[in-house]
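Worksheet: the structure to be examined is printed underneath.
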Amino acid sequence: MLKEVMSYENVPFDLPPPPYTPPNSDTFSTITHNKYRDSVICSKCGQLHALNGTHLYDYHQAVDRELTCHLCLQPLVNPINTKCGHTFCSTCLKSYLRVQGQCPLDLHTLSISECQKSSLIVRRLLDKLLVVCPNVDYCEEVMPRSELDSHLAHRCRGAVTRCIKASLGCRFQGPRSALQSHLWECSYRDQNAGKHPIVCGEVSTIEIERDQRELGISIVGGCDTPLVCIVVQEVFPDSVAAKDDRLKPGDQILEVNGEDLTQATHYQARKVLSQHSQMCRLTVYREKAEEERPIEKEEILKIVLTKVKGKQLGIKLVGKRHGPGVYILNLVPNSLAVLDGRLRPDDRVLEINGVDVTYSSQEHAASVIQTSPDKVQFVISRTSRPQTPDLIRSTSEALCSLDLDLAEVLWPMCKKCRELNITINKDVQESLGISIAGGMASPRGDTPIYVTNINPQGCLGQSEQIQRGDVLLAINQTHLLGLSHQEAVAQVKANTGLKVVTLKIVEAPETCMGPGNFIPSWLYWQQLPNVCQTVKTVTLLRSPTGSLGFSVVGGADCLQGSLPVYIKSVVMETPAYKDGRLKCGDQILSVNNVSLEHVAHSKAVEILKHATGAVSLRVVSWPGTSI
């Protein structure tokens with residue numbers, strides 16, 4: 001898909017009145033020549049420029065002229081203010097002042113020591129400008145400018161990268177998309193350079209020798225689920241991953257052998273991770289302890305509304321008891337603000353038409369709006385919960401842009417699995433012809449009994465009333481829920497000798513048509529009705545810093561609809577991690593007997609934060625997808 005790239009080489013802007021004169025062209029061209037004589041490809045912007053030069057970007061949309069530097073005619077980079085009130089790129093102004101020693105616009109005497117950084121609001125507005133990845137031959141990503149360096153460093157398939165064996169002497173250097181092919185032929189691949197550790201709070205890349213087909217982990221999440229990212233739930237003992245001893249529960253998997261998983265659905269990630277390769281190269285992120293991570297992310301947005309005669313703006317403002325400032329309480333239906341769609345309740349208003357209202361009353365802010373002529377320009381602050389760490393682009397935006405009907409298709413929590421009663425007439429000596437798995441305290445945890453395989457020649461196989469993946473709730477009125485695997489098998493065998501066998505089942509939310517036993521995925525368990533759930537109670541004591549050691553997602557206010565509250569990650573060396581019973585992907589039903597059902601996310605977080613003493617959690621825990 002082609003994207004329009006905005007060029008600023010010939011963008012006109014209103015020059016100030018005399019005595020403005022442009023800089024001496026011969027002098028400035030000399031500066032430019034010297035500046036770009038030793039140009040390199042910048043790791044931050046991906047463009048060719050001098051080592052200490054201004055970063056260059058390809059902008060996806062037109063940028064407000066007020067955010068443009070008067071020297072380079074590009075949107076500001078690292079903006080700096082002069083004492084006379086003008087704003088330039090810091091690199092542009094420093095280069096100019098080394099020659100001229102005066103403000104480029106009003107010619108007042110000026111030195112760099114008299115200048116200061118631009119306001120935080122301006123810098124954040126610049127950070128939000130959308131740019132196109134410079135590696136257009138390999139990548140078509142569009143992202144906020146502040147996220148480009150992270151994209152180039154960790155995700156861009158066209159970014160120039162070196163071989164991971166470079167420290168041993170490999171000289172390969174090329175696009176990331178070619179790296180995996182190179183690794184198969186690299187002459188240094190069999191030389192041991194030592195295991196690179198996974199560092200908390202950073203993106204790390206590791207290689208695992210995969211001598212067996214299974215990696216030996218289970219995963220939860222995906223861009224089609226409330227967890228958004230792919231998270232390791234469990235590392236199985238004696239597996240390839242366990243012997244490597246670097247992957248841990250809670251690690252987020254961003255990339256596998258060059259395949260990006262940051263926007264992968266659960267099933268897509270399962271398919272990529274299941275592909276066998278002798279060397280498995282994983283890019284992962286491990287979160288730091290909760291108290292070291294930002295809980296909320298702030299966005300600064302500039303929104304302009306045009307007044308229409310006979311149509312109300314429709315913004316109701318309010319102050320808050322806990323601090324200064326003016327907030328949007330709500331928006332009037334069918335008003336200009338609602339039709340525009342960008343303002344939201346609880347947005348904090350920082351400026352109105354250039355008037356700072358950060359510490360103003362709602363009456364003052366309302367009067368500024370009322371006295372505005374044709375347009376009202378808002379600068380607002382919006383806080384949101386980061387779905388992934390700041391250095392990784394959040395994939396939740398893609399899901400948030402879906403309408404609710406499509407979101408329900410992607411996240412199948414709404415599917416209703418029917419309960420059915422099946423009656424089989426058979427010979428006394430004839431077996432049912434099914435294999436079952438699961439049960440309380442099974443190797444994968446507490447699960448209901450489910451059918452893993454069916455003999456097509458058996459009585460159930462011939463009747464075609466049951467399929468692999470169906471859950472067995474009861475046999476001849478004997479309940480199987482809550483039984484261990486051995487107890488369930490004994491009950492099935494005890495009833496096999498009867499001529500009439502009645503089974504109560506739950507239809508399989510997913511099944512497989514190929515050979516081999518059916519193995520449930522994490523999404524399979526999520527779709528089962530509540531009757532199949534086993535609730536466990538986990539009691540934790542807070543750490544000295546007050547952290548329980550896990551983060552949560554979901555809630556009644558999700559765009560996908562009202563969802564349960566899920567544990568997204570369990571952080572190492574915290575009470576939850578040391579206790580070992582909570583897993584990524586677990587549903588939290590209540591906290592100290594306070595229900596989290598139909599509770600908004602912010603309310604659930606508040607309940608968890610204010611729970612004191614021994615914190616008792618009622619949890620439903622399902623196994624992740626085995627890889």
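The values are calculated or read from the model by the stated rules, or taken from the named source; none is laboratory data. Computed from a prediction, not measured in an experiment: that's the story for all the values here. Counting neighbours? That spans all protein chains shown, and the Cβs are built from the backbone with ideal geometry, glycine included. What goes into the accessible areas is simple: the full protein's heavy atoms, side chains included, and nothing from ligands, DNA or RNA. Shrake-Rupley method; radii C 1.70, N 1.55, O 1.52, S 1.80 Å.
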Subject >> Checking SER146 against (1) in contact with a helix residue (DSSP H, G or I) (Cβ under 6 Å, 6 or more places away or on another chain); (2) crowded, with 16+ Cβ neighbours inside 10 Å; (3) modelled with pLDDT of 75 or more, the condition it does not meet >> reply: (2)
**OP:** Scan the stretch 412-430 residue by residue and report those that are over 17 Å from GLY469 (Cα atoms), at pLDDT 85 or above and open to solvent by 60 Å² or more (accessible area, probe 1.4 Å).
**Re:** THR423, ASN425, ASP427
**OP:** Kindly indicate which of PRO237, PRO197, PRO226 is open to solvent by 40 Å² or more (accessible area, probe 1.4 Å), closer than 26 Å to GLU287 by Cα and within 26 Å of the chain's Cα centre (by Cα).
**Re:** PRO197
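Whether any residue in the stretch 478-499 is under 28 Å from SER590 (Cα atoms), at pLDDT below 90 and either of a type outside the set (D, E, K, R) or touching a Gly at 6+ places or on another chain (Cβ under 7 Å) (or both) is what I want to check. So that I can check it myself, show each step before the final result.
Taking the stretch 478-499 as the starting set, the residues that turn out to be under 28 Å from SER590 (Cα atoms) are 479-484.
From the residues that got through so far, the ones that are at pLDDT below 90 too are none.
Checked against the condition, which is being under 28 Å from SER590 (Cα atoms), at pLDDT below 90 and either of a type outside the set (D, E, K, R) or touching a Gly at 6+ places or on another chain (Cβ under 7 Å) (or both), the stretch 478-499 yields no hits at all.
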Original post:
Hey, does the stretch 40-55 have a residue that's at pLDDT 85 or above, part of a loop (DSSP other than H, G, I, E, B), open to solvent by 40 Å² or more (accessible area, probe 1.4 Å) and of a type in the set (A, V, I, L, M)?
Top reply: no
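Among the residues of the stretch 223-245, write down those that are over 26 Å from VAL552 (Cβ atoms) and not small (Gly, Ala, Ser).
Initial filter on the stretch 223-245 (over 26 Å from VAL552 (Cβ atoms)): 237-240, 242-245.
Within the stretch 223-245, PRO237, ASP238, VAL240, LYS243, ASP244, ASP245 qualify.
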Original post:
Taking the stretch 72-87 as the region of interest, how many residues are farther than 19 Å from LEU51 by Cα and either open to solvent by 20 Å² or more (accessible area, probe 1.4 Å) or under 34 Å from the mean Cα position of the chain (by Cα) (or both)?
Top reply: 9
Subject >> Single condition LYS578 does not satisfy, out of (1) open to solvent by 10 Å² or more (accessible area, probe 1.4 Å); (2) charged (D, E, K, R); (3) within 20 Å of THR625 (Cα to Cα) >> reply: (3)
Original post:
Within the stretch 551-564, is even one residue open to solvent by less than 10 Å² (accessible area, probe 1.4 Å), touching a residue at least 40 places away in the same chain (Cβ under 8 Å), farther than 21 Å from ALA441 by Cα and not aliphatic (A, V, I, L, M)?
Top reply: yes
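When you scan the stretch 540-620 for strands (runs of 3 or more DSSP E) that lie fully inside it, which ones turn up with 1 or more residues that are in contact with a Gly (Cβ under 6 Å, 6 or more places away or on another chain)?
Values: elements: 550-555, 563-570, 587-591, 614-620.
Answer list for the stretch 540-620: 563-570.
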Subject >> Members of the stretch 206-263 that are of a type in the set (A, V, I, L, M, F, W, C), over 27 Å from ALA178 (Cβ atoms) and at pLDDT below 90 >> reply: LEU227, VAL228
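Could you go through the stretch 529-538 and let me know if any residue there is in contact (Cβ under 8 Å) with a residue 24 or more places away in the chain and closer than 19 Å to LYS609 by Cα. Break it down stepwise before answering.
Within the stretch 529-538, the subset in contact (Cβ under 8 Å) with a residue 24 or more places away in the chain is 529, 531-538.
Right, trim to closer than 19 Å to LYS609 by Cα and you get 537-538.
There is at least one residue in the stretch 529-538 that is in contact (Cβ under 8 Å) with a residue 24 or more places away in the chain and closer than 19 Å to LYS609 by Cα.
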Subject >> Unmet criterion (only one of (1) outside any loop (DSSP other than H, G, I, E, B); (2) more than 30 Å from LEU261 (Cβ to Cβ); (3) at pLDDT 85 or above; (4) open to solvent by less than 70 Å² (accessible area, probe 1.4 Å)) for LEU339 >> reply: (4)
Subject >> Odd one out for ILE436, checked against (1) more than 16 Å from LEU528 (Cα to Cα); (2) open to solvent by 60 Å² or more (accessible area, probe 1.4 Å) >> reply: (2)
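Evaluate the following for VAL131: is it of a type outside the set (Ser, Thr, Tyr), under 26 Å from GLY258 (Cβ atoms), open to solvent by less than 30 Å² (accessible area, probe 1.4 Å) and under 30 Å from the mean Cα position of the chain (by Cα)?
Values: of a type outside the set (Ser, Thr, Tyr): yes; under 26 Å from GLY258 (Cβ atoms): yes; open to solvent by less than 30 Å² (accessible area, probe 1.4 Å): yes; under 30 Å from the mean Cα position of the chain (by Cα): yes.
Considered against the rule, which asks whether it is of a type outside the set (Ser, Thr, Tyr), under 26 Å from GLY258 (Cβ atoms), open to solvent by less than 30 Å² (accessible area, probe 1.4 Å) and under 30 Å from the mean Cα position of the chain (by Cα), VAL131 comes out as yes.
Evaluate the following for SER394: is it assigned to a loop (DSSP other than H, G, I, E, B), modelled with pLDDT under 50, of a type outside the set (A, V, I, L, M, F, W, C) and surrounded by 14 or more Cβ atoms within 10 Å (Cβ to Cβ)? Let's see the steps before the verdict.
Details: assigned to a loop (DSSP other than H, G, I, E, B): yes; modelled with pLDDT under 50: yes; of a type outside the set (A, V, I, L, M, F, W, C): yes; surrounded by 14 or more Cβ atoms within 10 Å (Cβ to Cβ): yes.
For SER394, the condition - assigned to a loop (DSSP other than H, G, I, E, B), modelled with pLDDT under 50, of a type outside the set (A, V, I, L, M, F, W, C) and surrounded by 14 or more Cβ atoms within 10 Å (Cβ to Cβ) - is met.
Tell me, yes or no, whether the stretch 378-390 has at least one residue that is at pLDDT 85 or above and aliphatic (A, V, I, L, M).
Of the stretch 378-390, the ones at pLDDT 85 or above are 378-381.
Subset that is aliphatic (A, V, I, L, M): 379-380.
Yes - at least one qualifying residue is present in the stretch 378-390.
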Original post:
Can you tell me how many residues in the stretch 91-127 are open to solvent by less than 20 Å² (accessible area, probe 1.4 Å) and part of a helix (DSSP H, G or I)?
Top reply: 5
Original post:
Going through the stretch 359-382 one residue at a time, which ones are more than 19 Å from GLN312 (Cβ to Cβ) and open to solvent by 30 Å² or more (accessible area, probe 1.4 Å)?
Top reply: TYR359, SER361, HIS364
**OP:** With a cut-off of at least 3 residues that are surrounded by fewer than 14 Cβ atoms within 10 Å (Cβ to Cβ) and not basic (Lys, Arg), name the strands (runs of 3 or more DSSP E) lying wholly within the stretch 441-529.
**Re:** none
